[in-house]
1. Shape verdict for region 1-153, please, from the Cα gyration tensor: rounded (a/c under 1.5), prolate (a/b greater than b/c) or oblate.
2. Can you sort 67, 267 from fewest to most other Cβ atoms within 10 Å of each residue's own Cβ?
3. What full-extension length gain, to one decimal in nm, is calculated for residue 276 and residue 216 as 0.36 nm per residue of separation minus the Cα-Cα distance?
4. Test of understanding: what is the full-extension gain from residue 241 to residue 202, defined as 0.36 nm times their sequence separation minus their Cα-Cα distance?
5. What FRET efficiency would be calculated for the residue pair residue 231, residue 179, taking the C-beta separation as r and a Förster radius of 56 Å, to the nearest 0.05?
6. Can you list the residues, at least 5 places off or on another chain, whose amide H is less than 5 Å from the amide H of residue 131, using H built in the peptide plane?
7. If neighbour count is taken as other Cβ atoms inside 10 Å, put 238, 298, 123, 51 in order from fewest to most.
8. What is the distance in Å between the Cα centres of region 22-67 and region 95-128?
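What follows draws every value from the coordinates through simple rules; no lab data is involved. The shown structure was predicted, so the numbers you read here are calculated from the model rather than taken from an experiment. Counting neighbours? That spans all protein chains shown, and the Cβs are built from the backbone with ideal geometry, glycine included.
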Amino acid sequence: MSIEVEKPVLEKACREMIETILLCLPNALKGTIYRIGKTPELIAERITSGFIDEKRKKISWGLPVKSGYNPPGKPWVEYRDEPRRPLEAMSWCVEKQRSWTAEDPMHDARSVRMQVEGTREDFHHMEPVLVRKLDLNLNMYSSEYPKDYKGDVIWKESEYVTVAVVKIHFRPHTIRIGSHETIVIKKLSRSLGTELLSYQLRQDSLKTMQAYAKDRLNACNILADSLRNTITKSGMIFSLVKQEIGYLRDQWEQLLLQDGKDKYTKSEAIKDLHDMLMGMGNGQEDLRKDLVAVQNRFLELSLPPEKGENWVVMQIEERWK
């Protein structure tokens, strides 16, 4: 795991640190911060660079036109120490988790330009930005950490992982190993590590909250579907029960009529009412159609005696008056 915050947030934090160093250290000329990616790739990627003008009032931002550390960056296997390959200060800072100061560029053992081209680089200081493994929930002795060219796991005995590297360029012959400038940069690097960790924790919290909200929404949707299915099934059951009760009531009425003396059924009564309407002659067609519709509706209902009587009084008798 590494510090994986959003690019704009990361760049803003890096710019603020570079600006602080360039404005506070009068001999500082340029600052660059590299992000060290997740293990085991450990891609070193240049995030931003700042240059201060001669009057030390304005800082220009941007990345060099050509650099192996420009996005997408350089993986660990390409900059770690290996035989027959130029040694890099980046490898020292990442693996050893210690600073590197080029106080004498002509004799800098880790100057790639000096080793390859024979020309010196400028005076600079590089400082690793460290975060405790415990704060990132990492295993202290995990075998997933990157390895050196011999196959040995780096950071094995360290409590920290390297998440970034700060590089500050100085005026010639103004920077020394262990000087005041290096102490300031080291302290600010620790502050940057704490700031990046806080961004990481906040981002993780937001992701957790979003995942929780999504799970809660899914649970609500599942519950709603279950309730809808239950209500639908209940409605169907109620409708079937109602139909069955109506059927049983019709059968009960038929049995009563068969055993009773009065054979005058509901359908016969409605038929007589229809006949009476037809015999009333022309006129009031709307009322006649309304009565026929209501009387036919009564034939479709299976109501208890009391409700049936009330229905006839309210719906049929009132219209006949």
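1. Judged from the Cα gyration tensor, region 1-153 comes out oblate (a/c at least 1.5, b/c at or above a/b).
2. Least crowded to most crowded, the residues run 267, 67.
3. Stretched fully, the residue 276-residue 216 segment lengthens by 15.0 nm.
4. Using 0.36 nm per residue and subtracting the Cα-Cα distance, I get 8.3 nm.
5. 0.10
6. The list, which skips near neighbours in sequence, is 161, 163.
7. Ascending number of Cβ neighbours within 10 Å: 238, 51, 298, 123.
8. Cα centres, region 22-67 to region 95-128: 16 Å.
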